[in-house]
Amino acid sequence: MIALSNINKQYGKQLVFVEASFQLNPGEKVGLVGPNGSGKTTLFRMVMGEESADEGNVSVPKKLTIGYFRQDVEEMSGRSVLDEAIAGSGRVGDLHHELEALQHDMGDPDKADDMDKILDRFGHVQEEYDHLGGYALEAQAREVLHGLGFHDDQIDGDVGALSGGWKMRVALARVLLGRPDVLLMDEPTNHLDIESIIWLEQFLRAYPGAMLMTSHDREFMNRLVTKIAEIDAGEIISYSGNYDFYERERTIREANQQAAFSRQQSMLAKEQRFIERFKTHAAKAAQVQSRIKALDKIEKIELPKKRQVVRFDFKVPARSGDQVAMCEGLCKSYGTRTIYQDFSMTIRRGERWAVMGRNGAGKSTLLKMIAGATQPDSGSVRLGASLNMGYFAQQSLDILDADLSIIEQLQNDFPKDSLGSLRSLAGAFQFSGDDVDKPIRALSGGEKSRLAMARMLFYPPNFLVLDEPTNHLDLATKEMLVEALKDFEGTMIFVSHDRMFLRGLGSRVLELGGESGTEREPRLYPGSYVEYVQALGHEAPGIHT
């Protein structure tokens with residue numbers, strides 16, 4: 001289907017691909033992995049024809065249709081969300097928009113003289129649209145948009161009024177509705193809540209075409225892909241199996257490579273000792289020369305690259321009182337929409353509350369009220385004794401100083417700590433080597449999230465309030481964070497759409513009601529997230545199986 005053969009690609013002095021080969025076969029669902037900067041996006045762009053290889057061949061059949069979901073969404077405005085989503089549906093999408101324009105013209109008095117022509121064209125377009133299943137497409141579009149979390153009023157509303165994250169969902173819907181032969185997906189879960197992620201899993205499992213995707217969501221990868229393509233030092237190495245299988249196989253492969261390297265080094269050292277010992281002996285000259293030539297011909301085994309994640313050991317926070325936060329009779333509305341009505345809960349020391357609920361159920365609002373960033377309309381939030389709170393939300397990124405580098409920001413924050421300990425902190429959050437000298441203004445959203453998290457956790461507060469802490473974090477950092485927080489001796493309340501994070505840390509679950517916050521009373525579940533899933537039979541409030 002799609003084949004890359006002996007590809008070479010270089011940017012300046014950086015070698016991205018070196019005689020790399022890869023094949024995507026019909027119906028395959030493949031996860032593309034590799035560190036940042038390894039060439040994942042470059043590979044996507046070469047398949048799309050947006051970039052070419054310096055050497056080698058990229059083979060894509062001419063009649064193959066490809067849908068590419070990328071992180072940089074183009075400007076959207078002037079259409080409804082529904083129309084924008086349908087725009088990716090090829091000929092049917094074009095006919096849909098022509099019908100919309102013709103219906104508009106039919107109601108335009110200035111075009112009365114052209115009405116016969118307009119009506120004739122409308123009849124032809126409508127016939128072709130119906131023949132190609134256009135009216136079914138509108139129903140499919142609504143179904144996909146509902147699955148991605150849109151309400152009916154949003155679907156029929158102006159796409160230009162949406163935030164960047166919601167426009168990403170529209171772009172995703174557009175790619176899915178196109179039903180291409182091949183889907184290229186760059187981090188499709190980045191802006192989705194857990195309900196939408198689970199819906200997308202189900203949609204893609206049933207999708208008959210081939211798929212190549214990147215994702216920082218381990219669970220999502222494990223449930224969808226049957227093959228992993230890893231970009232490693234310019235090569236593309238394929239593993240049959242899901243992400244967990246790939247990790248196990250890679251560990252075995254690296255152990256074997258380490259053993260082979262050690263054996264070869266031992267042999268080379270032995271040969272070198274013979275050469276050094278007898279190079280001045282005339283009687284051994286022929287043997288010495290023979291061994292020198294043999295050594296030159298040996299292909300040297302390279303030491304496998306170490307991928308270990310730097311472990312971050314928390315300093316132990318001061319002990320808080322037994323009652324950490326008491327929410328009593330909270331009421332909160334936005335306009336006519338009631339989010340909380342007489343809501344009460346108590347958070348006790350050592351508990352880790354996972355807050356679950358569909359978009360609009362009030363997850364972030366609750367965390368803001370607990371953190372003091374938003375006030376309830378009535379009721380109160382009382383914090384317990386000896387409490388030091390750390391609040392992480394996407395707004396936390398705004399307090400970083402854009403004029404400083406990463407290491408300068410950390411030195412400003414922690415002037416009494418050694419440069420070595422601050423470099424170790426940065427390393428634990430995937431800023432290694434020269435990365436620490438990057439200016440903050442040049443950091444991506446994910447890099448800023450990692451830095452904000454590092455600053456908050458170096459001297460951890462005893463009460464963590466975390467709103468989507470795993471957004472934009474890569475798998476390695478996410479796993480490090482879960483392992484570190486498992487040993488955290490304080491208290492937590494958090495919102496996350498990452499099931500690995502929820503399983504690893506949620507010891508209590510707060511399930512909020514429907515989208516209005518009043519369709520069902522909030523449910524305080526006394527067990528862990530794992531027990532919650534087992535008891536209720538669903539992974540999130542909006543998904544019922």
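Over all directions, how big on average is the projection of the convex hull of the alpha-carbon atoms in the stretch 249-297, in square nanometres?
Mean projected area for the stretch 249-297: 3.6 nm², to one decimal.
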Subject >> Where a label projected 7 Å from the Cα of LYS438 along Cα→Cβ would reach, residues of the stretch 389-420 with amide N under 15 Å >> reply: 401-410
**OP:** Excluding residues fewer than 8 places away in the same chain, name every one of the lysines whose C-alpha is closer than 25 Å to that of LYS279.
**Re:** LYS270, LYS293, LYS297, LYS300
Original post:
Which whole-angstrom value gives the distance between the alpha carbon centres of the stretch 1-19 and the stretch 483-515?
Top reply: 41
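Output the antiparallel fraction of DSSP beta bridges having both residues in the chain, as a percent to the nearest 5. Don't skip to the answer; put the middle values down first.
Numbers: 35 of 67 bridges.
Percentage antiparallel, nearest 5: 50.
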Original post:
In terms of Cα to Cα distance under 26 Å, which lysines are near enough to LYS167, apart from those fewer than 8 places away along the same chain?
Top reply: LYS29, LYS40, LYS363, LYS368, LYS448, LYS478
**OP:** Could you tell me which trypsin sites (Lys or Arg not before Pro) in the stretch 214-320 are loop residues by DSSP with no more than 13 other beta carbons within 10 angstrom of their beta carbon?
**Re:** LYS279, LYS300, LYS305, LYS306, ARG307, ARG311, LYS315, ARG319
Original post:
Once both labels are modelled 7 Å past Cα along the beta-carbon direction, what's the ASN412-PHE314 spacing in nm?
Top reply: 2.7
**OP:** Can you tell me how much longer the chain between GLN323 and ALA233 gets when fully stretched, taken as 0.36 nm per residue apart minus their C-alpha distance, in nm with one decimal?
**Re:** 27.2 nm
Original post:
If r is the Cβ-Cβ distance from ARG248 to ARG503 and R0 is 22 Å, what FRET efficiency results, to the nearest 0.05?
Top reply: 0.70
Original post:
Can you work out the FRET efficiency for the pair SER380 and LYS62, with r the C-beta to C-beta distance and R0 = 51 Å, to the nearest 0.05?
Top reply: 0.15
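Which trypsin sites (Lys or Arg not before Pro) from the stretch 384-447 combine a DSSP loop assignment with at most 10 other Cβ atoms within 10 Å? Mind dumping the intermediate values first?
Values: sites: LYS416, ARG423, ARG441; in loops: LYS416.
Passing both the DSSP loop test and the Cβ count: LYS416.
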Subject >> Length added when fully stretched, PHE261-GLN103, from 0.36 nm per residue minus Cα-Cα >> reply: 49.7 nm
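Return the inverse of the average 1/r over all pairs of distinct C-alpha atoms in the stretch 323-536, which is the Kirkwood hydrodynamic radius, in Å to one decimal.
Values: mean 1/r = 0.0550 Å⁻¹.
Kirkwood radius, the stretch 323-536: 18.2 Å.
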Subject >> For P(r) over Cα pairs in 10 Å bins from 0, in percent, calculated from these coordinates, the label among (1) 3, 14, 22, 23, 18, 10, 5, 3, 1, 0, 0; (2) 4, 19, 29, 26, 15, 5, 1, 0; (3) 3, 15, 21, 20, 18, 13, 7, 2, 0 >> reply: (1)
Original post:
At what distance in nm do the modelled label points of TYR459 and LYS284 sit from each other, each positioned 7 Å from its Cα along Cα→Cβ?
Top reply: 6.4
Original post:
For labels at SER163 and GLU521 in the simple 7 Å Cα→Cβ model, what's the distance in nm?
Top reply: 3.1
Original post:
Tell me, in nm to one decimal, what length is gained between SER421 and LYS117 on full extension, where the rule is 0.36 nm per residue of separation less the Cα-Cα distance?
Top reply: 101.8 nm
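Taken together, the values in this text are just the output of simple stated rules run on the coordinates, not laboratory data. Owing to the predicted nature of the structure, the values given are computational and were not obtained by experimental measurement. Heads up, the Cβs are rebuilt from the backbone with ideal geometry, glycines too, and the neighbour counts pull from every protein chain shown.
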